[in-house]
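None of the figures in this text is laboratory data; all of them are computed from the coordinates on show. The structure displayed is predicted, hence computed values, not measured ones. Cβ sites come from the backbone with ideal geometry, for glycine too, and all protein chains shown count toward neighbours.
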Amino acid sequence: MKVLTGNDLKTGDVIWWTGEGWSRHVNDAVDAGEHPEAILAREEAAQRVVGSYAIDASVTGEGVRPAHIKERIRALGPTVRLDLSLKPADPAAGNWVI
Amino acid sequence: MYQYDQYDQAMVDARVAEFRDQVNRRLAGEMTEDQFKPLRLKNGLYLQLHAYMLRVAIPYGTLNSAQMRMLGDIADKYDRGYGHFTTRQNIQYNWIKLEDAGDILADLASVEMHAIQTSGNCIRNTTADQFAGAAADELEDPRPYAELLRQWSTFHPEFDYLPRKFKVAIIGSDTDRAAMKLHDIGIQIVKNAAGEIGCRFYVGGGMGRTPMIAPVIGDFVPPLQMISYLEACLRVYNRYGRRDNKYKARIKILVHEIGADEYRRQVEEEFAHILTLGLEPPPAELERIKGYFADPGFETGLSGDIDRSDPDFALWLDQNVHAHKQPGYAIVTISLKPTGGIPGDASADQIRLMADLAKAHSFDELRVTHAQNIVLPHVKKADLYALWQKLDAAGLASANLDLISDIIACPGLDYCSLANARSIPVAQKISERFADLGRQRELGELKLKISGCINACGHHHAGHIGILGVDRKGVENYQLLLGGSEGADTSLGTITGPGFNEDGIVDAVEKATDVYLAQRTDGERFLDTYRRIGMAPFKEAIYG
Amino acid sequence: MVENALRYRDDEPVADPAVTVDAFAEQTNASAVRIEPGDDARILLPHLGRLSLVEVNFPAYTDGRGYSAARILREHGYDGELRAVGDVLLDQLSHMRRCGFDSFAPNQAIDRAAADKALATWPEVYQKTVDGRAAIWAKRHGLA
C-alpha cells in the first residue's frame, strides 16, 4: 500500500497521513490509494505538512512497516539515540529498522 | 580573537530581522516551500530525516568561551541537549522547530555568531588550521586572512546563486591540518625567495562523487590582492561552471574540463580587470584585523617540565597534546570520540564544561577541528594535569587522537535525508572492536573516515581507511577504501572490492590492520605500508 | 511601460523592444538588448554607447549568471537602464541592486513598498561593488 509522510511545517516532526489528518505514529498511517498527489498538494498548500511524499508500506503483525529503511528510521527516530526515538524504553527497537 | 564592531553587529542583526520576516511569510502562507527552501538554507536550516536541522557557523573554527557556552545553552533551550560538531568546523542541532529559528539566530547574534551561508549554493563558512596562532611550525597566522575572507564573502551579491556550494580553507603552515587541497579553493600562506608573504591558491579540489585534488592556480598572490583574486576565481566559476547537472556543477569539474591552464588564464584576465576597480580593502584593514589575533598575554620563563607519573595522563599527553610556539605552553585536543560514542557529538553540559575550561586554561579560546574534535589552543603546561582530570571526569579524556578510533563520520542515515546507509553505528562498532588503547597505539596513526553516501561528508576518499555506505536493494552495504590522505601528501583512496554488511565491514577493517602489522617496516604508518606494498596483499587478506 | 515593472531611475523608460544578443550584433541601430544566462555580456562592451536598455533574463532565480553579467556591464561604464527580467523574487532584489540592476520586471508582481523594504535590508555592506555604496572597510578607515 501507499502511505504518506512528511514533516510538520512548524515543529519539523515526522508525520504520517491518517486519512483525516497527520499523526506522529506510523501505525496510524492508512493506505492513501493510488492517487495520493492530490492529498499531498492540498495538505502542503494548507501549510500542514512540508517535504511530503508517498512511500510503499505493508501491514505486518507489528503494524505498518515502510518498505525502505529510510522511512523505517524516520518512523522510529535515530537508531543511535533510542532515548530520543518514539520507543525510548525498548533497547531492541533498532532491530525493527533493518 | 576577532570582535565585532558596530558594522559587523549591524549585519548579523539585520540578518536576524530578515530571516524572522522570511519565516513569518512562510508560516503565513505567503511563500511556497520551493521559494522558502533556498532562503532557509542560506541560514543553515535544513529539513532533515526527523526534523529541521540548524547548522551554525563557527568562522574558521574559532570561538570564545561565551560563544561556546551559548552553543550549549541553545542545545538545552531549543534542541534535545546536545550538538554535533561537523567536518566543516561548524555545529549542527538536529531537532529545531521552524518557529524557534528566529529566536535562535537572535541568541547567536548576542554573542557575535550566526548561521549565515552555512548551506546553499554560495560561499560557505571558511575553514582553517585548528592550530592557527599556536602551532610551532606556523609561518603566518591564517585567521586574519580568514576573517577578511569571511567579511568579503558575507552577503556577496554576485555569488549567492553559484552553480553549486563553494568551500574555502586556509592554512599558514607546511603541515596541512585542514584538508586544504580537497576544497573548492585552498589557500596556503607561503613565503617566496625574497622572504615576502603570499597566498598560494589551489582551486578545484573536492570530495563528493568525483573526488579531485586541487591544482595550483595562483602560485603567489600578494596578501593585499587576495580578495581581488578570489573575486576573479569566483566570477569565472559563476559564469562558466556547469548548471545543467548538479553532480557536475562544482568548480572541480570546470577546472578539470577546461584544464588548469585555461582556468588560470581566464582568472588572470579577470584578475587584471578587477585590480583596476579598487575592490580590495586597504592594508590598514588587514592590520586592524591582525590586531585582534595578536598573541594573548603568554607568560615567559615558564618551566617546560610535566609530571608524567600518572600513566593514564601520560598516554593522553603523548597522544592529544601538541607542541606550542610559546615555551611553557601546549596545544590540547579534546577528543569527541569515546569508545562506542557518536563522533562529534557533545552534550550541552560537555559543551559548557569545555567553555569553562577554555576560560580557565586557554585564554578564553577554543577551536573546532575538521576531524570533529575540540582544541584548547593555549594551555600552560603546568595546568595540563588539572585540565586532564576535569576532562576525564566528564568523559572527555579519550587519548585517541589520530588513532583508529578517532573516526570521522557523517551523521548518516540516522539523521540525514541524503544518506544511503548509517555511518554512526559502524563507527561505534569499530571503536568498540579496537577499544583497547594499547592495541590502537600499536597501530599508530590511522585515519578512518566514514560517509553514509557518495556526497562524502565523512571524507571517506581521504581516509587511510575509508568506508562508504551505499544502498544495495534497500539494504545497507559498506565499501572499503584504502590509501587516502588529506595532509600535505593528499591522495584519494581506492575501493578494495565488493562491499560488506555492518559486521563484515568491521571484520574487513580488522583484517586490513592485520596486514599492516605483519608487513610494516620500522617507522611505517598504515598509509606508508599501503603505499609501499599496494592493494594486493590487503585484498587477499580481506577477500581471500 | 512593462507590466509589473519596478524602476529605480529618474529618466524616461525606453520604449524600444529588446533584441537578442545575436540580433543586436546585426542591427546597428538597436538600442535595447536582452541577455540570456548563457550569453557573454562582454560581447556588448564595444557597443555600450548606443545602448539605453539591457535586460538580463533570469529563467530561474537559482541561475546566478545574470549577477555577473550585470556587474561586468556596470564595471565597464554602462549607465543605461539595467533590468532584471523573469523569475525575479523579492528576496533577490537587494543583491541584484548591488550588482547594478536599477529596474525589475518580475514574472510575479512585487509590491513597491515590499520592494523598497527589501532593498533596505542591509544597513551596511562588506563589499565594494557597482552601486556606489561605501564598503564597511572604507567607512572604518575614513575612505568613504
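General observations
- Judged by the mean number of other Cβ atoms found within 10 Å, the most tightly packed of the peptides C:81-88, A:42-49 leads the ranking C:81-88, A:42-49.
- Prolate/oblate/rounded call for segment B:238-350, Cα gyration tensor, a/c under 1.5 rounded: oblate
- Counting only Cβ charges, +1 for Lys and Arg and -1 for Asp and Glu, the dipole size of the protein assembly as shown around its Cα centre is about 620 debye.
- Quarter of Cα convex hull surface for chain B, i.e. mean projection, nm²: 25.3
- Span from the segment C:27-60 Cα centroid across to the segment B:161-232 one, whole angstrom: 34
- Alpha-carbon centroid distance for the pair segment B:275-350 / segment B:82-154, whole angstrom: 17
- Free-standing Cys, the protein assembly as shown [no other Cys Cβ under 4.7 Å]: B:122, B:199, B:233, B:416, B:453, C:99
- The alpha-carbon atoms of the protein assembly as shown define a convex hull whose volume equals 176 cubic angstrom per residue.
- Only helices enter the 222 nm calculation for chain C: every DSSP H run of n ≥ 4 contributes -39,500 (n - 2.57), and dividing by all residues gives -6500 deg cm²/dmol, rounded to 500.
- Most mobile listed residue (C:14, C:56, C:33) in chain C, GNM with C-alpha springs under 10 Å: C:14
- Residue-wise HN-Hα coupling along segment B:376-387, computed from phi with Karplus coefficients 6.51, -1.76, 1.60 (Hz; x: Gly, Pro): 9, x, 10, 10, 5, 4, 5, 8, 4, 5, 4, 5
- Alpha carbon convex hull of segment B:142-288, projected area averaged over orientations, nm²: 8.8
- Based on the reciprocal of the average 1/r between different C-alpha atoms, the Kirkwood radius for segment B:6-109 equals 14.2 Å.
- Per residue of peptide B:85-96, the mean number of Cβ atoms on other chains within 10 Å of the residue Cβ is 1.
- Averaging 1/r over every pair of different alpha carbons in chain C and inverting the result gives a Kirkwood radius of 15.7 Å.
- Sum of side-chain charges, residue B:279 neighbourhood, beta-carbon under 9 Å (Lys, Arg +1; Asp, Glu -1): -1
- Annotation for segment B:185-275: GluC sites (Glu not before Pro) lying in DSSP loop with at most 12 further Cβ atoms inside 10 Å of their Cβ are B:196.
- Take the Cα radius of gyration of segment B:311-393 and divide it by 2.2 N^0.38 Å, N being the number of residues; the result is 1.02.
- Radius ratio Rg over Rh of chain A, counting only Cα atoms, Kirkwood formula for Rh: 0.97
- In this simple spin-label model, placing a label point 7 Å from the Cα along the Cα-to-Cβ direction at both residue B:488 and residue C:9 gives a separation of 5.7 nm.
- Taking other C-beta atoms within 10 angstrom as a stand-in for reagent exposure, C:54, B:190 fall in the order B:190, C:54, fewest first.
- Positive-end residue, the protein assembly as shown charge dipole about Cα centroid, Cβ charges, pick of B:162, B:226, B:298: B:162
- For C:57-70, mean number of other protein chain Cβ atoms within 10 Å: 5
- Ordering of B:294-303, B:13-22, A:30-39, B:346-355 by burial proxy (mean other Cβ atoms within 10 Å per residue, highest first): B:346-355, B:13-22, A:30-39, B:294-303
- From most to least packed by mean Cβ count within 10 Å, the peptides B:361-372, B:76-87, B:304-315 give B:361-372, B:76-87, B:304-315.
- Over chain B, DSSP H runs of length four or greater, each weighted -39,500 (n - 2.57), average out per residue to a 222 nm ellipticity of -11500 deg cm²/dmol.
- Residue B:459 sits among other residues whose Cβ lies under 11 Å from its own Cβ, and their net charge, with Lys and Arg +1 and Asp and Glu -1, is +2.
- Approximating the spin labels as points 7 Å out from Cα along Cα→Cβ, the residue A:34-to-residue B:258 distance works out to 5.1 nm.
- Simple point charges give the picture: +1 on the Cβ of Lys and Arg, -1 on the Cβ of Asp and Glu, and for segment B:408-543 a dipole about the Cα centre of about 200 debye.
- Here segment B:481-512 is scanned for amide nitrogen atoms under 12 Å from the site 7 Å beyond the Cα of residue B:137 along Cα-to-Cβ, giving B:487-489.
- Debye intensity ratio I(q)/I(0), log10, segment B:1-60, q values 0.16, 0.30 Å⁻¹ (C-alpha model): -0.62, -1.28
- Distance from the Cα centroid of segment C:62-118 to that of segment B:491-544 is 55 Å (rounded to whole angstrom).
- All lysines inside 22 Å of residue C:139 as judged from Cα atoms, apart from same-chain residues fewer than 8 positions distant: B:290, C:128
- Average beta carbon contacts from partner chains per residue of A:12-23, 10 Å cutoff: 2
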